[in-house]
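Following: one structure in C-alpha cells, then a few remarks.
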Amino acid sequence: MARNEQRKSEEQSDITERLVGINRVAKVVKGGRRFGFAALMVVGDQKGRVGTGHSKAKEVPDAVKKAAQQARNNMVRIPLREGRTLHHDVYGRSGAGKVYLRAAPPGTGIIAGGPLRAIFEALGIQDVVAKSIGSANPYNMVNATFDALQKIQSPRSVAARRGKKVSSVVSAREDTASAKTGTDTE
C-alpha cells in the first residue's frame with residue numbers, strides 16, 4: 001500500500017498548476033451579501049496529460065486547492081506530434097466561445113493568449129498557433145479548448161480505424177501538405 005502512495009506522490013510532484021482566473025462571487029442573504037471566491041485552474045504533466053477544474057470557497061487558497069484537486073481528477077491524455085505540437089488543425093466550441101488550434105513547425109512557440117496559453121504550457125505543447133473567436137470568458141475559452149483537444153486523432157488511431165498501416169496515413173498527410181504549399185518532397 002505504501003508503494004502505491006509513493007507512486008501517487010511522485011506523479012503529483014510532476015504536475016504543474018496554472019491559475020487561469022479567480023472571481024469574487026456574492027450570495028445575497030437576509031442580512032446582506034456573503035462573499036466567496038471562484039477559482040479556475042489548469043493542471044498538466046507537460047507530457048500530454050492536462051485537466052481543468054473550477055471550484056468555489058469562502059477563501060482564495062481553499063478555492064484554488066479545491067479547483068486543483070478537481071483538475072487532477074479530470075485529467076485526459078492528448079496525442080501530440082513529436083511531443084511538441086498537434087497532429088492536425090482542429091476547431092472547438094463551448095457556448096459562445098470558439099477556438100481554432102493549428103499545428104505549427106518547430107521554433108514557432110506558443111502563439112496564444114490568456115487561458116489557451118496556460119493549457120498549452122501545462123500540456124507540454126511547444127509549437128502551436130491558436131485563435132479565440134467569440135467569447136473572451138475564460139470558462140468558455142477553456143471548455144472550447146478542451147473540446148478541440150479531445151477531437152485530435154493520432155495517425156495510429158486513424159490507421160487502426162481504417163485498417164491501414166500508420167506509414168500510409170502519415171505519407172498521405174505529407175502529400176497533402178506539399179500540395180498546399182506547392183513544393184515537392186523529393
**OP:** For the range 26-64, name all the residues that are surrounded by fewer than 16 Cβ atoms within 10 Å (Cβ to Cβ) and not in a loop (DSSP other than H, G, I, E, B).
**Re:** A26, K27, V28, V29, G32, R33, R34, F35, K56, V60, P61, D62
Original post:
Which numbered condition trips up G51, out of (1) touching a helix residue (DSSP H, G or I) at 6+ places or on another chain (Cβ under 6 Å); (2) in contact (Cβ under 8 Å) with a residue 40 or more places away in the chain; (3) not aliphatic (A, V, I, L, M)?
Top reply: (2)
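If a residue has to be β-branched (V, I, T), surrounded by fewer than 17 Cβ atoms within 10 Å (Cβ to Cβ) and touching a strand residue (DSSP E or B) at 6+ places or on another chain (Cβ under 6 Å) to count, how many in the range 65-119 make the cut?
Counting residues in the range 65-119 that are β-branched (V, I, T), surrounded by fewer than 17 Cβ atoms within 10 Å (Cβ to Cβ) and touching a strand residue (DSSP E or B) at 6+ places or on another chain (Cβ under 6 Å) gives 1.
A short reminder: the numbers here are calculations on the coordinates, not readings from a lab. What you see is a predicted model, and the numbers here were worked out from it, not measured in a lab. Note that each Cβ is placed from the backbone with ideal geometry, even for glycine, and that neighbours are counted across all protein chains shown.
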